[in-house]
Amino acid sequence: MRISEYFRLPKVSSKSYAVWQRNKDVFAKDIKLNFLPPFLEPLLYLVALGFGLGRFVESIDGVPYAKFIAPALISISVMYASFFECSYGSYVRMYYQKTFDAIIATPVTIEDVIAGELLWGATRSMVNATVMIPVIALFGLIDIRYALLIIPFAFLGGLLFGAIGMCFTAVTPNIMSINYPVLLFITPMFLFSGTFFPLNALPEPIQYFAIAFLPLTHIVNGIRLIGYGTLEPVILFDLAWIVVVCAVLLLLSINLMRKRLIV
Amino acid sequence: MPVIVARGLVKKYKDTLAVDNITFSIEEGEMFGFLGPNGAGKTTTMRMIQCVSPVTSGSLEIFGMDAMSHPREIKSHLGVVPQENNLDMDFTVYENLVVFSRYFDIPRDEAERRATELLEFVHLEDKKDTMTESLSGGMKRRLILARALINRPRMLILDEPTVGLDPQARHMIWDKLRALKKQGVTVVLTSHYLDEVEKLCDRLVVMDYGKILVEGSPSQVIREYVGSGIVEAEKDPELIRCLEMKEANYEVIGELVHVYTDNPKQIAEYLTMECSISKLSARPATLEDVFLKMTGRRLRE
Ligand SMILES: Nc1ncnc2c1ncn2[C@@H]1O[C@H](COP(=O)(O)OP(=O)(O)OP(=O)(O)O)[C@@H](O)[C@H]1O
Ligand SMILES: [Mg+2]
């Protein structure tokens, strides 16, 4: 395949909605269990880090530590939800459950299937963010004037991390190997994207690296600006970075999956 | 009117030539069988017909449309029973049918009506709310058949629909296929149960190493390739000499000799009377004899 073919526009139709619906129905079966983590996790982190560790940390840029990490907790949840859904989750459906094989025997094409999976991954990120917002708002750690803006932002971030997960699903030789991107990419991002300490605490080259290559940096930045209620124009830079990288990776992920599955 | 026309169809995987230049056509309403040893290329052919595996070269038209350029339209009229079970194990039996119907854009109430009807058709009403994991192998196969019918297909593609089933379940599936054929559904299938294919298929092909070796109706191919009868006898030099003298069409298979003939009684009499061979039996030829004669008896890896 020529390089350009990896980025060509796939023919995705509205049939991908049926694939999204399938995943939504499975999710709805265990709705209580599925809602628990986004509800409980911010509480645990806030208590342990925000209010525990936070007592030993001076305010960051004039913001109390708990308020500093609250937007990061949402961002991390956005990242995990869609990355895991479109990596381990999609791999299991593709390889072990043969769900994709069954679906492409219908008028739904493989491009529709992958698009549906990616949309579902983004939906999970959005659901998590939506559940977390009121929990965090309850502690007064978020400016509720703009809080609803976090929801579409989380969807966009979810698409981005879903596409990243799907690219790995498309090339991984087996399910165990998905541990590599988790260990080498997702976990470092969890720590070094301005999540639990500001980016400017790091050496300058690393700061630039994070801004150029770590998607979570831009999600954290965006959600933090919305959460603080200080919508500065710099958010447009984060937004632009996310939209461009997301578009490229969405194309790549669908074409890679097509290449893997259509033989 | 033919519903499938394949001309010079070729499928190449990286370095395997799985289907090697085959030409065939299948008529509307026919029951058509693809036979052949493991690895012959049957599943590969089915997958090209289902428009899920691209054709390497040659042409493949289904319902008069090109398989490569009209996959959505073609697939909306197909029902597929794959060789490997791929039921959705996140759902119950009933949900499997309803969820599947959405891929065809069947409205919800219509889908529910069809699901109930189809579960009755394959006798799975009692299992409606069971998760598919806890179904037996036969039940899974029946549910897959029901699932393949959810869009009221014009043509059914079944890849070893009865694999691993007990005789009862097998008979039931074949019975259902006959009923569907009566309704005008074209049925294309692969199977290793040759006696069933012989009884049920209007026409068949035998494939091996990606090529079609034999084509015709069961009785036609039996007559053409082995004759109507077979005389079986134990291998013995005297017997071979007699057969050579008579210029009979025979084959040595391990310790057995098969004599292919249109007149088994005459050959049997000749062998008993003139060659004093006593241990022999005459029987009508079957599709299995054609299969083994044409594809050899060596095991495939
Ligand atoms: N996805 C694939 N990639 C590479 N080679 C394949 C693939 N699928 C099948 N083959 C090869 O193509 C050939 C034909 O396989 P196919 O599955 O069509 O056989 P079959 O007639 O269905 O056999 P069986 O009776 O065992 O199901 C075999 O040599 C097989 O190894
Ligand atoms: Mg097969």
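The values are calculated or read from the model by the stated rules, or taken from the named source; none is laboratory data. From a predicted model like this one, the values you see are computed outputs, not experimental measurements. Ideal geometry is used to build each Cβ from the backbone, glycine not excepted, and the neighbour counts take in all protein chains shown. Areas reflect the complete protein model, heavy atoms only, side chains present, ligands, DNA and RNA absent. Shrake-Rupley method; radii C 1.70, N 1.55, O 1.52, S 1.80 Å.
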Count charges around residue A:199 for me, please; just the other residues with Cβ under 14 Å from its Cβ, Lys/Arg as +1, Asp/Glu as -1. -2
I'd like the FRET efficiency for residue B:108 and residue B:27, computed as 1/(1 + (r/R0)^6) with the beta carbon distance as r and R0 of 45 Å, rounded to 0.05. 0.80
Would you mind computing, in nm to one decimal, how far apart the modelled labels at residue B:72 and residue A:245 are, each placed 7 Å from Cα along Cα→Cβ? 3.3
Among the lysines, select those whose C-alpha is under 30 Å from the C-alpha of residue B:182, and discard any that sit fewer than 8 residues away in the same chain. B:42, B:75, B:127, B:128, B:140, B:199
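Please state the relative contact order of chain B as a whole percent: Cα pairs under 8 Å, 6+ residues apart?
Values: 548 pairs, mean separation 60.5, N = 301.
For chain B, the relative contact order is 20 percent.
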Answer rounded, prolate or oblate for region B:228-284, using the Cα gyration tensor with square roots of eigenvalues a ≥ b ≥ c: rounded when a/c is under 1.5, else prolate when a/b is larger than b/c, else oblate. rounded
If you place +1 on the Cβ of every Lys and Arg and -1 on the Cβ of every Asp and Glu, how big does the dipole about the Cα centre of chain B come out, in debye to the nearest 20? 560
Span-like helix ranges in chain A, DSSP H, alpha carbon extent 27 angstrom or more, Kyte mean at least -1.0: A:65-84, A:110-138, A:150-171, A:234-261
Would you mind giving the mean number of other chain beta-carbons within 10 Å of the Cβ of each residue in A:105-115, as a whole number? 5
Residues of B:99-106, mean number of Cβ from any other protein chain within 10 Å of their own Cβ, rounded to a whole number? 6
How about the protein assembly as shown: what cysteines have no other cysteine beta carbon under 4.7 Å from their own? A:86, A:167, A:246, B:51, B:201
Using Cα-only point scatterers and the Debye equation, what is log10 of I(q)/I(0) for region B:22-85 at each q in 0.13, 0.22 Å⁻¹, rounded to two decimals? -0.36, -1.10
According to the square roots a ≥ b ≥ c of the eigenvalues of the Cα gyration tensor, what is the shape class of chain A, taking rounded for a/c under 1.5, prolate for a/b larger than b/c otherwise, and oblate for the remainder? prolate
Note down the net charge around residue A:162, summing +1 for each Lys or Arg and -1 for each Asp or Glu among other residues with Cβ under 11 Å from its Cβ. -1
What distance in nm separates the simple spin-label points at residue A:201 and residue A:21, each placed 7 Å from Cα in the Cβ direction? 4.8
Based on Cβ point charges of +1 for Lys and Arg and -1 for Asp and Glu, what charge dipole magnitude is obtained for chain A about its Cα centre, in debye rounded to the nearest 20? 720
Total charge of the residues flanking residue B:187 in space, meaning their Cβ is under 13 Å from its Cβ, with Lys and Arg +1 and Asp and Glu -1, is -1
Using a 10 Å cut-off around each Cβ of peptide A:240-251, what is the average number of partner chain Cβ atoms that fall inside? 0
When N counts the residues of region B:2-222, how does its alpha-carbon radius of gyration compare numerically with 2.2 N^0.38 Å, as a ratio? 1.00
Can you figure out the FRET efficiency of residue A:36 with residue A:177, using R₀ = 25 Å and their beta-carbon distance, to the nearest 0.05? 0.30
Cα-based Rg and Dmax for the protein assembly as shown, in Å, come out at 31.3, 114
With all protein chains present and a 1.4 Å probe, the order of A:176, B:46, B:89 from largest accessible area down is A:176, B:89, B:46
At R0 = 60 Å, FRET efficiency that the Cβ-Cβ distance of residue B:276 and residue B:126 yields, to 0.05: 0.45
